[in-house]
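Undergrad: Here it is, the structure in full.
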Amino acid sequence: MTTPVELPKHQIRAVYTESTVTVYQAYRPEIGVPAVRDGRFPAAWKRDRMTWLKPSFLWMMYRSGWGLKEGQETVLAVEITREGFEWALKHSCLAGYDQALHGDQAAWKRELKRAPARVQWDPERDLHLR
């Protein structure tokens, strides 16, 4: 009899190298098409705009309605530095309140306002999105 292996509750699964992590983002064509064509984001792209980074292509496609949701028609694979990815995680705040981590909602709201990044743990899914 084999003993089941207990996996951590939260895992980041992504395509990565020693120095980069590939994440996926969905944009409207006016942003995504020039970004692909030119290898950089166009002037219309705003650095301070909230955006979702997903390390799972399948999950990004699902969340963007398979590229059919308005404003999410262009899904990009973006290679970022591991250093930058790890910095964002280190300085992030959970998108939702967790009493075990934050103590009270006021403390979480303060952390949420100051954090440059937010983490939202999506539910575990198989390839059939179950």
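The values are calculated or read from the model by the stated rules, or taken from the named source; none is laboratory data. Only a predicted model underlies this, so the values are computations on that prediction, with no experimental measurement involved. We place every Cβ from the backbone using ideal geometry, glycine too, and count neighbours over all the protein chains shown. All accessible areas refer to the heavy atoms of the entire protein, side chains included, with ligands and DNA or RNA removed. Shrake-Rupley method; radii C 1.70, N 1.55, O 1.52, S 1.80 Å.
Undergrad: Only Cα pairs within less than 10 Å get springs; with that Gaussian network setup on the chain, which residue of Leu112, Leu101, Leu76 has the largest fluctuation?
TA: Maximum among the listed residues: Leu101.
Undergrad: Output the relative contact order of the range 20-59, whole-number percent, from Cα pairs under 8 angstrom with separation of 6+ residues.
TA: Computed value for the range 20-59: 54 percent relative contact order.
Undergrad: If you plug each phi of the range 26-39 into the Karplus form 6.51 cos²θ - 1.76 cosθ + 1.60 with θ = phi - 60°, what whole-Hz ³J(HN,Hα) values come out, in order, with x for Gly and Pro?
TA: Couplings: 10, 9, 6, x, 4, 9, x, 5, x, 4, 5, 4, 9, x Hz.
Undergrad: Can I ask one more? So who's got an amide H within less than 5 Å of the one on Val78, skipping anything under 5 residues away but keeping other chains? H placed 1.01 Å off N, in plane.
TA: Long-range HN contacts for Val78: Val23, Tyr24, Gln25.
Undergrad: Ignoring ligands, DNA and RNA, please state the percent of accessible area on the chain from carbon and sulfur, probe 1.4 Å.
TA: Carbon with sulfur: 54 percent of the solvent-accessible area.
Undergrad: Something else now. Going by accessible area, probe 1.4 Å, with all protein chains left in place, what is the ranking of Ser56, Ser64, largest first?
TA: Putting Ser56, Ser64 in descending order of accessible area: Ser56, Ser64.
Undergrad: To the nearest 10 square angstrom, what accessible area does Tyr97 show with a 1.4 Å probe?
TA: Roughly 80 Å² of Tyr97 is accessible to a 1.4 Å probe.
Undergrad: Could you compute the FRET efficiency for Trp45 and Glu83, with r as their C-beta to C-beta distance and R0 at 35 Å, rounded to 0.05?
TA: 0.95
Undergrad: Where does the chain land at 222 nm, in deg cm²/dmol rounded to the nearest 500, when only DSSP H runs of n ≥ 4 count, each adding -39500 (n - 2.57), divided by all residues?
TA: That comes out to -8000 deg cm²/dmol.
Undergrad: Cut-off 10 angstrom, C-alpha nodes, Gaussian network model of the chain. Which of Gly84, Gly96, Gly39 fluctuates the most?
TA: Gly39
Undergrad: Right, something else. How much accessible area per residue does the chain have, counting only protein heavy atoms and a probe of 1.4 Å, in square angstrom?
TA: On a per-residue basis, the chain sits at 77 Å².
Undergrad: Among Lys9/Lys54; Lys69/Lys113; Lys46/Lys113, which pairs are too far apart, with a Cα-Cα distance over 22 Å?
TA: Checking Cα-Cα distances, Lys69/Lys113 exceed 22 Å.
Undergrad: Taking θ = phi - 60°, what integer Hz values does the Karplus form 6.51 cos²θ - 1.76 cosθ + 1.60 yield along the range 110-117, in sequence order, with x for Gly and Pro?
TA: 5, 4, 4, 5, 8, 6, x, 9
Undergrad: For Cys93, which sequence-distant residues (separation of 5 or more, or a different chain) have an amide H within less than 5 Å of its own amide H, given hydrogens modelled in the peptide plane?
TA: Ala117, Arg118, Val119
Undergrad: OK, next. Starting from the 7 Å offset along Cα-to-Cβ, what nm value, one decimal, do you get for the label separation of Thr17 and Arg118?
TA: 3.3 nm
Undergrad: While we're here: Ordered by residue, what ³J(HN,Hα) values in Hz, to whole numbers, does the range 51-67 give under the Karplus form 6.51 cos²θ - 1.76 cosθ + 1.60, where θ = phi - 60° and Gly and Pro are x?
TA: Whole-Hz 3J(HN,Hα) from phi for the range 51-67: 9, 8, 10, 10, x, 10, 4, 4, 5, 5, 4, 4, 5, 8, x, 6, x.
Undergrad: Looking at the chain, send over the antiparallel percent of its DSSP beta bridges, to the nearest 5.
TA: Counting only bridges with both partners in the chain, antiparallel ones make up about 80 percent.
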